[in-house]
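Everything below concerns the one structure shown next.
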Amino acid sequence: EVHEDTDFMEHSGQYDRVILNPPFENRQDVSHVQHAFKNLKPGGRLVAIMSSGPFGGSSKKDEEFRNWLDENNADVDEMPDGSFSGNDAFRKTGVSTRMVVIDKPDAAQFSRDLEQAHTALFGVRVSVAVPGAISATAAG
């Protein structure tokens, strides 16, 4: 549980689900999303509303963040214009936003991904049944 008087960036824990709408100023949303992902349990899901800035920016931080999202198989969807400017909006803003969803793989999913990548790259099927124990057979 994160309390109001706690700085989120100093918080640590392990969570099955994380939903956040971080501050957008100075690309703080990038840092918040990556920090939240570190606190996500394997098999967990993170959902965040972010500004569109990092997705079209040319700074090194923006490019590294987009690469990080790709590496973590994130789903990124543009939110409709005016998503946060309606009468029911808590804080009205016309900022363009995106919804980011990242599922953190569990050990079993990691093993399946590793097996598929190894087969695709080397033509050899590997089995990862127990961490550290790998057996290989020719793909065919």
Given points 7 Å out from each Cα along the Cα-Cβ axis, report the Q28 to M9 separation in nanometres with one decimal.
0.8
Can you pull the accessible area of K92 for me, 1.4 Å probe, Å² to the nearest 10?
120
Can you list the HN-Hα couplings for the range 117-122, worked out from phi with the Karplus curve (6.51, -1.76, 1.60; θ = phi - 60°), rounded to whole Hz and with x for Gly and Pro?
5, 5, 4, 5, 7, 10
Can you give the FRET efficiency for W68 and D88, using 1/(1 + (r/R0)^6), R0 = 30 Å, r = Cβ-Cβ distance, to the nearest 0.05?
0.35
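K41 to A117: extension gain in nm, 0.36 nm per residue of separation minus the Cα-Cα distance?
Extra length available between K41 and A117 comes to 25.0 nm.
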Could you tell me how far the Cα centroid of the range 33-65 sits from the Cα centroid of the range 90-109, in Å?
8
Across 5 Å bins beginning at 0, the whole-percent shares of Cα-Cα pair distances in the range 1-67 come to 3, 17, 26, 24, 17, 10, 3, 0
Using a simple spin-label model with points 7 Å from Cα along the Cα→Cβ vector, what separation in nm is obtained for D75 and R125?
2.9
If I model the range 1-120 as equal point scatterers sitting on the Cα atoms and use the Debye formula, what is log10 I(q)/I(0) at q = 0.20 Å⁻¹?
-1.19
At what distance in nm do the modelled label points of A108 and R17 sit from each other, each positioned 7 Å from its Cα along Cα→Cβ?
2.0
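The values are calculated or read from the model by the stated rules, or taken from the named source; none is laboratory data. Since we're looking at a predicted model, the values are computed, not measured. When we count neighbours, we look across all protein chains shown, and the Cβ atoms used for this are built from the backbone with ideal geometry, even at glycine. The area values use the complete protein model at the heavy-atom level, side chains included, leaving out ligands, DNA and RNA. Shrake-Rupley method; radii C 1.70, N 1.55, O 1.52, S 1.80 Å.
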